[in-house]
Every structure is written in C-alpha cells, then in structure tokens.
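I have placed the structure first, in the form of structure tokens, so that the comments after it can refer back to it.
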Amino acid sequence: MISPGDLAFCRRLLAGGSRSFAAAARFLTDFDEGVRHAAIEAIAAQQAADADAAASPEALLGAALMNPDEESTRIRGRLAEIFATRGWRVPDE
C-alpha cells in the first residue's frame, strides 16, 4: 500500500521540474502499481532536453517496459502507449 508520504512525493513529481524524471526513477519498481504509474507519468511529462542520455525519459521508461518482473497490464499498456505516441523505438532487451 502506498504511504501518504510516497503519494505526496509522486504528486510533486507530476508537477514537474527539470529533475523530476530522475527522482521518479526509483519509483518505477515500487511494490504499489499506483506509485509506478505516477512515476511513469512524471517521467513522461518531462522533456528529453532536460536529461542526459543515460537518464533520459526514453531510457528510463524503456527499462521499465522491458522489466520482466512487471506484471501489470495497465503499466505495460501505458508504457507502450507512450512509446507509440512519441515514436520511440522499443528496446531490444
């Protein structure tokens, strides 16, 4: 279950900021699906120009999409939608 502190933090991430996607990255593997979804939305809301190549939104979300431990259809579907909308290439591995 998501704690009130984590929920508040996720809401701040969704509000934006040039380093929000990097801060949100640690939540991509959180136990709570809602937290993972909020992290994905926070990362997707950021501009690629705000990131270095290793921590770009595309790289972070690509790693989440390819995570073999991700069982949520909602999460995988949202990630696929983001990649399709932006014309990003899905990682091979």
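Derivation of every value follows stated rules applied to the coordinates shown; laboratory data play no part. On a predicted model such as this, the values are computed, not experimentally measured, just so you know. Neighbour counts are summed over all protein chains in view; Cβ atoms, including those assigned to glycine, are modelled from backbone coordinates with ideal geometry.
Observations, loosely collected:
- Stretching the chain fully between Glu71 and Thr85 yields a gain of 2.8 nm (0.36 nm per residue, less the alpha carbon separation).
- A simple packing score, the average count of other Cβ atoms within 10 Å per residue, orders the peptides 65-74, 36-45 as 36-45, 65-74, with the highest score first.
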